[in-house]
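Engineer: Here's a structure for you.
The values are calculated or read from the model by the stated rules, or taken from the named source; none is laboratory data. The shown structure was predicted, so the numbers you read here are calculated from the model rather than taken from an experiment. As a convention, Cβ positions derive from the backbone with ideal geometry for all residues, glycine included, and neighbour counts pool all protein chains shown.
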Amino acid sequence: MVEIVLAIAAIAGVSTSAWLYLQQKKKVVKEKEKAPSVEVPEPPSAVPSVSEARAQAREIVVEAKDEAQRIRQKSFEVEKRFSSQEAVLKRREQELSKREQNLTASQRGVSHKLAELDKLKKEQLKKLEQVASLTGDEARSQILTETEKNLKDEIARRIKQTEEEIKEKSDEKTRDILISAIQQAGTDHAADYTVSKVKLPDEEMKGRIIGKEGRNIRAFEQATGVDVEVDETPNEIRISSFDGVRREIARLALEKLIADGRIQPARIEETVAKVKKNIEAKMKEDGERLAYDTGVAGLPEGIIRLLGRYKYRASYGQNLVTHSLEVLNLAKYIAAELRADVELVKKAALLHDIGKVMTAEAEGPHAILTREILEKYQFDEKLINAAAAHHEEEEFKSVEAVIIHVADAISGARPGARFENYEAYMKRMREFEDAALAFPGVDKAYAISAGREVRVMVKPSETDDAAVTKLAHEIAEKIQKSLTYPGQVKVTVIREVREEGVAK
């Protein structure tokens, strides 16, 4: 329809243009006739003549008629197509209406049949209740009771069977986890003994270490608190002590003295003091390295310094660094398998034996000391419990605490991990020293020769020569009455007075 309107508008426009042109032409002719003396210029060649305009108009009219005819034909075809589609839609509407009527009738039939079935069911149930003399609820209850009674043994048997299967699978899974943990975390172990060896350039050096009337070796043992053996092996001196830090200080100091060559009491004390200072710095570096290697970050400086002492501490002959790393690797693997807190387990495994490095300064089981140390540095209670409960001194409060307990037990119980009751030996040495230190005037006390001798240094300003003999007997008597030990224990009390003068 729009196309028809546009065609008619085009024809009207062309006709109007032609008419206007003809009117303008007539006006020019009339003006020319009225004024003959004036020459009217010829119209531009571009303006068509009247005949040409009429011809063009006729052509436009013909084209417009053709276009109108074509549009009418197209409109007729569109109208015919729309009429065909409308007929199809009417047929479909009639079919859908017929189907809806059929479905409604079917639904009414189904509802009627359901009502009949429900009525029949009620009648049958009523007849059954009359025959059985039971209501539906009573019959249902009776059937359930009989079924439960008949299946009671079967239910019990199946429950037991299921429990056994679950236990068997859980035990198998536990074995797999522990075996895998041991295989992945197993480490080579070298027992830590209580003796260090120092090589000598020649036998003549032994005499210089002993000194005149043994004054050098006595000064060395007094300054370091170790026992020095010089007569057993050629070109070698053995340093023994249950305290790993003392033993390491003595070894390094003796090596420096041998390299320097100047061995005399004052030089010995000066060298030992320097080595002690260096060892303290080195222990801090060792603690930082151990924390870095295990991936445990954010530890306080005081804890780092205590970790540095692990290297010089042994547990039943097993170095504490080796033991802690092994426990950490075992616990980390088990925690990952059980989806526990791996980071907490790693930190607790690293710190679980930190109380052992403080047994010289404090009394009590090392696990209790571990709790006290971690509480001092305000660690989380869950971490403290996991670290301190590994020997069951306190109750396990998390799965992480159980993991640390299991990992510690595996590390200590595996073949070759420990070779002697080192803890008992160390405790006995400490008891000897503490017995002597309890007396007034005692400055230092060292248990040497595997506990066969206790060497005591007194303060000369507080103890005179006469009191030295009495003090030795009192210390020996206290050890004899209060401590248990094999063989005999020799008590040596040393009082040394030094006077210094300055030459000007």
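Engineer: Please indicate, with yes or no, whether at least one residue in segment 360-378 is in contact with a Leu (Cβ under 6 Å, 6 or more places away or on another chain) and surrounded by 15 or more Cβ atoms within 10 Å (Cβ to Cβ).
Structural biologist: no
Engineer: Gln378 is checked against (1) of a type in the set (S, T, N, Q); (2) under 23 Å from Glu301 (Cα atoms); (3) outside any loop (DSSP other than H, G, I, E, B) and fails just one. What number does that condition carry?
Structural biologist: All conditions pass for Gln378, except number (3).
Engineer: Can you tell me how many residues within segment 229-244 are under 18 Å from Phe432 (Cβ atoms) and surrounded by 20 or more Cβ atoms within 10 Å (Cβ to Cβ)?
Structural biologist: Kept after step one, since they are under 18 Å from Phe432 (Cβ atoms), are these residues of segment 229-244: 240-244.
Now narrow it down to the ones that are surrounded by 20 or more Cβ atoms within 10 Å (Cβ to Cβ): 241-244.
Looking only at that region, the number is 4.
Engineer: I'm checking my understanding of the structure. Among residues of segment 398-441 that are under 30 Å from Lys478 (Cα atoms) and charged (D, E, K, R), which one is modelled with the lowest pLDDT? If you could, list the steps in order and put the result at the bottom.
Structural biologist: Narrowing segment 398-441 to residues under 30 Å from Lys478 (Cα atoms): 420-441.
Those still in the list that are charged (D, E, K, R) too: 420, 423, 427-428, 430-431, 433-434.
Values: Glu420: 48, Glu423: 60, Lys427: 73, Arg428: 76, Arg430: 83, Glu431: 84, Glu433: 88, Asp434: 88.
Top of the filtered list is Glu420.
Engineer: Sticking with this one: Inside segment 459-497, can you point out the residues that are under 18 Å from Arg428 (Cβ atoms), part of a helix (DSSP H, G or I) and in contact (Cβ under 8 Å) with a residue 24 or more places away in the chain?
Structural biologist: Once the filter is applied, which keeps residues that are under 18 Å from Arg428 (Cβ atoms), part of a helix (DSSP H, G or I) and in contact (Cβ under 8 Å) with a residue 24 or more places away in the chain, segment 459-497 yields Ile475, Lys478, Ile479, Ser482.
Engineer: While we're here: So which residues in segment 253-282 are more than 24 Å from Tyr310 (Cα to Cα) and either small (Gly, Ala, Ser) or in a loop (DSSP other than H, G, I, E, B) (or both), if there are any at all?
Structural biologist: The answer is Ala259, Gly261, Arg262, Ile263, Gln264, Ala266.
Yes/no matrix, rows are residues, columns are (1) under 18 Å from Thr224 (Cα atoms); (2) among the hydrophobic types (A, V, I, L, M, F, W, C); (3) in the same structural domain as Lys199 (by TED's automatic domain parsing):
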position	(1), (2), (3)
Arg251	yes, no, yes
Gly261	no, no, yes
Glu285	no, no, yes
Pro300	no, no, no
Lys346	no, no, no
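Engineer: I'm trying to understand the selection: among the residues of segment 465-489, which are at pLDDT below 85 and among the charged types (D, E, K, R)?
Structural biologist: Asp465, Lys481
Engineer: What's the number of the only condition in (1) buried (at least 16 other Cβ atoms within 10 Å of the Cβ); (2) modelled with pLDDT of 70 or more; (3) of a type in the set (D, E, K, R) that Glu395 fails to meet?
Structural biologist: Looking at each condition in turn, Glu395 falls short on (1).
Engineer: Which condition number in (1) without any contact (Cβ under 8 Å) to a residue 24 or more places away in the chain; (2) assigned to a loop (DSSP other than H, G, I, E, B) is the one that Ile304 fails?
Structural biologist: (2)
Engineer: If you check His323, His390, which single one turns out to be buried (at least 22 other Cβ atoms within 10 Å of the Cβ) and either assigned by TED's automatic domain parsing to the domain that holds Arg289 or not in a helix (DSSP H, G or I) (or both)?
Structural biologist: On the way: His323 fails: either assigned by TED's automatic domain parsing to the domain that holds Arg289 or not in a helix (DSSP H, G or I) (or both).
None of the others qualify; the one that does is His390.
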